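Participant: A single structure is presented below for examination.
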Amino acid sequence: MNGFLPTSNNNNILRLGSFRQAFPDALIIVPFREPVQQAISLLQQHTQFWAMHERDSFSRYYMEWLGHHEFGRTHRPFLFPVVSG
């Protein structure tokens, strides 16, 4: 199967192992933005979702149901495994 899957889902960083297992020959490219601009953008998203979740309980419920916990009142931190060595 040949193809190209562009995605900007932040949660995919947690799925890289699964992607590698499912598609062992895949070329996985993870782009990085300038760190300060990325941090500013993420804070703005978090602030906007926090306000939206306060105004609109459905949006909070929907994001929770989808499993989108990157921003707002449903935020949960990413927990990466500890790698020793």
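Quick note: the coordinates plus some simple rules give every number you see, no bench work behind them. Remember, predicted model here, so these are calculated numbers, not experimental data. Glycine also receives a Cβ, built like all others from the backbone with ideal geometry; neighbour counts cover every protein chain displayed.
Participant: Which trypsin sites (Lys or Arg not before Pro) does the stretch 20-85 hold that lie in a coil by DSSP with at most 13 other beta carbons within 10 Å?
Facilitator: The qualifying sites are ARG33.
Participant: In the chain, once you exclude exposed chymotrypsin sites (Phe, Trp or Tyr not before Pro) (DSSP loop, at most 15 other Cβ within 10 angstrom), what's the longest stretch remaining?
Facilitator: The reported range is 33-77.
Participant: Note down the Stokes-Einstein diffusion coefficient of the chain in µm²/s, whole number, using a Kirkwood radius over alpha carbon pairs, 10 °C, and 1.306 mPa s.
Facilitator: Once the numbers are plugged in, D ends up at 104 µm²/s.
Participant: Report, largest value first, the span of the C-alpha coordinates of the stretch 31-76 along each principal axis, in whole Å.
Facilitator: 34, 19, 13
Participant: Where does the charge balance sit around THR74 when Lys and Arg score +1, Asp and Glu -1, over other residues with C-beta under 11 Å from its C-beta?
Facilitator: Within the 11 Å Cβ shell, the charges total +1.
Participant: Counting other Cβ atoms within 10 Å of each Cβ, which GluC sites (Glu not before Pro) in the stretch 36-85 have at most 10 and sit in a DSSP loop?
Facilitator: Passing sites in the stretch 36-85 do not exist.
Participant: Could you please report the charge total around ARG60, scoring K, R as +1 and D, E as -1 over all other residues with beta-carbon less than 10 angstrom from its beta-carbon?
Facilitator: -1
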